[in-house]
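Below is one structure, written out as structure tokens; comments come after it.
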Amino acid sequence: MLPAIIIFLKGLLLGFGVSAPPGPNAMLMINRTLRKGHFSGFMTGMGVATADTIFAIIAGLGFSFIIGFVREESFYIKLITGLLIASIGIKLFLSNPVADIRSRVRDNLISSPAQDYFSVFMLALTNPFSIFIFIALYPGMNINFNGPGILVPLLIIMGIFTGASAWWFIFSWIVNRYSRSMRLRNIVTLTRVSAAVLITIGLIVLVTLFLPKANLD
């Protein structure tokens, strides 16, 4: 029983840790939480958690043909990812968060949880390089998918998904908690900053595609 708990906890810590670093998905989650509430932000995070869990499965079970495809087509994958992130940032920058918040308060409108979930889930799937993060971290945490039956892989995957979900729940709750004391002007500023970060990340991804690679030989 104890080894099973340890395996699950390792997966939980890994899922929590991989989700924690800020990125474009975190910017989207913050913005949606500010504009639509805690549940919208949490469902946005769950889309990321699901994608990361899929990448963890691929890395753990060694789907070599998928990993090979990601490596071979990395230019086009990064190109699509950069364009998507930059376009989302531009759309966010041109949006009116004050109007959205007032509309939600006035009409008690709640965005579709499925829409919040799947929109970010699809965006997260365009960044399969998370596979290599899991490949790098598995040995360091002594995580091995080789075990009797499917129990060990199942415990690891359940742990990773639980850890990632816990991170997004806590993060979105904190953002929602402090958003109640924020003025509309502050929310507009934060929205613009989030949009600028997304645009910058997208442009960096695109620019690095055309930079000459350093020759280490």
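The values are calculated or read from the model by the stated rules, or taken from the named source; none is laboratory data. Given the structure is predicted, the values throughout are model-derived calculations rather than measurements. Here Cβ is always computed from backbone atoms with ideal geometry, including for glycine, and neighbour counts include all displayed protein chains.
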field: Residue list for region 119-167, filter: farther than 18 Å from residue 3 by Cβ and part of a loop (DSSP other than H, G, I, E, B)
entry: 126, 127, 128, 129
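Taking region 172-198 as the search range and keeping residues that are assigned to a helix (DSSP H, G or I) and of a type in the set (Lys, Arg), which one is modelled with the lowest pLDDT?
Narrowing region 172-198 to residues assigned to a helix (DSSP H, G or I): 172-179, 184-198.
With of a type in the set (Lys, Arg) added as a condition, the list becomes 177, 185, 192.
Numbers: 177: 84, 185: 67, 192: 77.
Of everything passing the filter in region 172-198, 185 is modelled with the lowest pLDDT.
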statement: Checked against (1) at pLDDT below 90; (2) surrounded by fewer than 17 Cβ atoms within 10 Å (Cβ to Cβ), residue 84 satisfies every condition except (2)
- prompt: So how many residues does region 1-49 have that are closer than 22 Å to residue 144 by Cβ and free of Cβ contacts under 8 Å to residues at least 40 places away in the same chain?
  reply: 5
query: How do the pairs read when you match residues in region 82-93 that are closer than 14 Å to residue 193 by Cα with residues anywhere that are outside any helix (DSSP H, G or I) and not acidic (Asp, Glu), using Cβ under 8 Å and keeping only pairs 6 or more apart or on different chains?
result: none
- prompt: Within region 136-151, how many residues turn out to be under 12 Å from residue 18 (Cα atoms) and surrounded by 14 or more Cβ atoms within 10 Å (Cβ to Cβ)?
  reply: 2
message: So residue 35 ticks every box in (1) surrounded by 18 or more Cβ atoms within 10 Å (Cβ to Cβ); (2) more than 21 Å from residue 164 (Cβ to Cβ); (3) within 18 Å of the chain's Cα centre (by Cα); (4) not small (Gly, Ala, Ser) but one. Which box is left unticked?
response: (3)
- prompt: Do we have any residue at all in region 54-70 that's modelled with pLDDT of 80 or more, closer than 26 Å to residue 112 by Cβ and of a type outside the set (D, E, K, R)?
  reply: yes
